[in-house]
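Written below as structure tokens is the structure these notes are about.
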Amino acid sequence: MFIPTDHVAADRYISEGYETVRGMSSRFAASVCAYLLRRQTALGITGHFAEIGTFEGRFFIAMALALEPGERALGIDLFDWPNDGVMDLFLSHCMRHGVEAGRHVALKRDSRTMMPDELRAALGPGDVRFFHIDGEHADESLAKDLALALPLMHPQGIIALDDMLHPAYPRLVETVHRWLAAHPEFCVMCIVDREDIVAAAKYLLCRRDAVALYEDDLMSRFEKNLFVLGGDFLDHVSVVLTPHPRLAEVD
Ligand SMILES: C[S@@+](CC[C@H](N)C(=O)[O-])C[C@H]1O[C@@H](n2cnc3c(N)ncnc32)[C@H](O)[C@@H]1O
């Protein structure tokens, strides 16, 4: 499902090019996340986009196209699955879909062995305003990826976590809740629901004092996709956006 973000290049790619790049993030999630970059720009929040688990660039390209001049998109991946040709495919998809050469940088690395300064060196001056973590879906890896992302983040930035509540990784949310307990200044601001089993849900995290910048705006912008009950995290209720919202009929 494609929802316009009002960014011409990102919308053209998400509506026409997205399915031509192999990948796993849903088009619905790309619409919401690219829109959030637009929202950040409108709020004066500047910075880069970074992603762990870039694969062929399906989600990456949508985000890179929605950045502003001077901002960069960094993709980190082992780039060895399903074979060593995946980096070349990624670069050719970027070129074909109009991501300028100076706009993006790719690192063929194991994110678990990286330090924040290596990402800073690749990106140049400025914070990361949107970080997408979609690498190895295992407890230790996700914990390391969150530790890598945190020092780079803009104070009002967003960390997106892929494949939350996925049936194949039912315990991955435990890592998230452990991290949230250690970082109580953060919360899950929004859950972007799945489109199907290979285009699963994302959690969007931000600092609690930044939630108000996003939640009302998301609820009105994506009114037709709002699951009105929200997500019950006990100490707060997150926005839930879903491609086909409805409640169970009881009579
Ligand atoms: C599910 S795919 C990413 C899909 C992509 N983000 C999209 O939306 O289409 C997961 C990627 O994570 C990469 N990956 C797994 N473990 C990694 C690690 N330790 N460091 C860097 N990349 C890793 C894999 O090579 C694979 O390309």
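The values are calculated or read from the model by the stated rules, or taken from the named source; none is laboratory data. All of these numbers come straight from a predicted model, not from anything done at the bench. Positions of Cβ are backbone-derived with ideal geometry, glycine not excepted, and every protein chain shown enters the neighbour counts. The accessibility values were calculated without ligands, DNA or RNA, using every heavy atom of the protein model including side chains. Shrake-Rupley method; radii C 1.70, N 1.55, O 1.52, S 1.80 Å.
Here are some notes:
- Pairs where the first residue, in the range 15-28, is in contact (Cβ under 8 Å) with a residue 24 or more places away in the chain and the second is of a type in the set (Phe, Trp, Tyr) and more than 10 Å from the ligand (Cβ to nearest atom), C-beta under 8 Å, 6+ apart: Tyr18/Phe2; Arg27/Phe2; Phe28/Phe2
Results for (1) open to solvent by less than 80 Å² (accessible area, probe 1.4 Å); (2) of a type in the set (A, V, I, L, M); (3) outside any strand (DSSP E or B); (4) touching a Gly at 6+ places or on another chain (Cβ under 8 Å), shown as yes or no for each residue.
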| residue | (1), (2), (3), (4) |
| --- | --- |
| Ile191 | yes, yes, no, yes |
| Cys206 | yes, no, no, yes |
| Val228 | no, yes, yes, no |
| His244 | no, no, yes, no |
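- So Glu185, is it without any contact (Cβ under 8 Å) to a residue 60 or more places away in the chain, out of contact with any Ser or Thr (no Cβ under 6 Å at 6 or more places or on another chain), more than 16 Å from the ligand (Cβ to nearest atom) and open to solvent by 10 Å² or more (accessible area, probe 1.4 Å): yes
- The set of residues in the range 48-66 that are open to solvent by 10 Å² or more (accessible area, probe 1.4 Å) and either of a type in the set (Val, Ile, Thr) or more than 9 Å from the ligand (Cβ to nearest atom) (or both) contains only Leu65.
- Residues of the range 67-84 satisfying the condition of being closer than 15 Å to Gly53 by Cα and in contact (Cβ under 8 Å) with a residue 40 or more places away in the chain: Leu74, Ile76, Asp77
- Of the listed requirements (1) of a type outside the set (Phe, Trp, Tyr); (2) at pLDDT 95 or above; (3) away from the ligand (no atom under 11 Å from the Cβ); (4) over 19 Å from the mean Cα position of the chain (by Cα), Ala101 misses just one: (2).
- Residues of the range 76-91 classified as more than 22 Å from Ala143 (Cβ to Cβ) and either surrounded by 14 or more Cβ atoms within 10 Å (Cβ to Cβ) or in contact with a His (Cβ under 9 Å, 6 or more places away or on another chain) (or both), total: 6
- Of all residue pairs spaced 6 or more apart or on separate chains, those with beta-carbon atoms under 6 Å, a first member in the range 212-225 that is of a type outside the set (A, V, I, L, M, F, W, C) and a second member that is crowded, with 20+ Cβ neighbours inside 10 Å are Tyr214/Met189; Glu215/Val239; Asn225/Leu241.
- With respect to the stated conditions, Ala122 is of a type in the set (Gly, Ala, Ser) and under 16 Å from Ala149 (Cβ atoms).
- Among residues of the range 1-46 being more than 16 Å from the ligand (Cβ to nearest atom) and open to solvent by less than 10 Å² (accessible area, probe 1.4 Å), the one that is farthest from His154 (Cα to Cα) is Thr5.
- The listed residue being in contact with a helix residue (DSSP H, G or I) (Cβ under 7 Å, 6 or more places away or on another chain), over 30 Å from Glu16 (Cα atoms), hydrophobic (A, V, I, L, M, F, W, C) and modelled with pLDDT of 95 or more, out of Leu107, Leu150, Leu146: Leu146
- A count restricted to the range 112-135 and to residues that are free of Cβ contacts under 8 Å to residues at least 60 places away in the same chain and open to solvent by 30 Å² or more (accessible area, probe 1.4 Å) stands at 8.
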